[in-house]
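Chemist: Take this structure, written in structure tokens, and hold onto it; I'll ask about it next.
The values are calculated or read from the model by the stated rules, or taken from the named source; none is laboratory data. None of these values were measured; they are calculated from a predicted model. When we count neighbours, we look across all protein chains shown, and the Cβ atoms used for this are built from the backbone with ideal geometry, even at glycine. With ligands, DNA and RNA removed, areas are computed over all heavy atoms of the protein, side chains included. Shrake-Rupley method; radii C 1.70, N 1.55, O 1.52, S 1.80 Å.
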Amino acid sequence: MKILPAIVPLGLFILTSCDSPKESDTVSEKSPPPPEHPWDWIPEDPALASGREIYLMECSGCHDEGEEGAPALTKKSEWDTRSEQGLAVLLDHALNGFQGPDGKMPARGGTPSLTDEEVTNAVNYMLAAPK
Ligand code: HEC
């Protein structure tokens, strides 16, 4: 019975070492890669990655497809005009909310418990996400 604890980690090690090349094979087989949705992209930058988490939890309901006049994450043209206002304006609108020509953006997406940093990360993520 004393042999088991030694076998398990060994087995795991073999599994992991065999798996990695296979995984990358499947990835290249499954290319071409343009992600189906912008939100499939997982940023390497930790601030953007946590912004994505916030986005998925608190912002995607309106912004994935552009509900209630919200600029859709999928539509680059809708973001080009927004970005022209500059990051400071976008952040102000996201933090404090605003009534725009297309609809109402609630302060912090309607989740008052979000910190400034979380909202900022989410906005930066939305701007950086491939569209
Ligand atoms: C209830 C729906 C809703 C939710 C949830 C929501 N938004 Fe919005 N958002 C809107 C609408 C509608 C607009 C566009 C208003 C307009 O321009 O008329 C908007 C616009 C924006 C803009 C562009 C501001 C500008 O100046 O053009 C940013 C940035 C933004 N939202 C960020 C966020 C973030 C970050 C979250 C999550 C924390 C979020 N939104 C959640 C509805 C929503």
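Chemist: Would you check if there is a residue in region 51-63 being farther than 16 Å from ASN124 by Cβ, assigned to a helix (DSSP H, G or I) and among the polar types (S, T, N, Q)?
Modeler: no
Chemist: Just need a number here: residues in region 82-131 that are open to solvent by 70 Å² or more (accessible area, probe 1.4 Å), within 7 Å of the ligand (Cβ to nearest atom) and part of a helix (DSSP H, G or I).
Modeler: 0
Chemist: Out of everything in region 66-81 that is buried (at least 16 other Cβ atoms within 10 Å of the Cβ) and under 20 Å from ILE54 (Cα atoms), what residue ends up being nearest to the ligand (Cβ to nearest atom)?
Modeler: Among them, the one singled out is ALA70.
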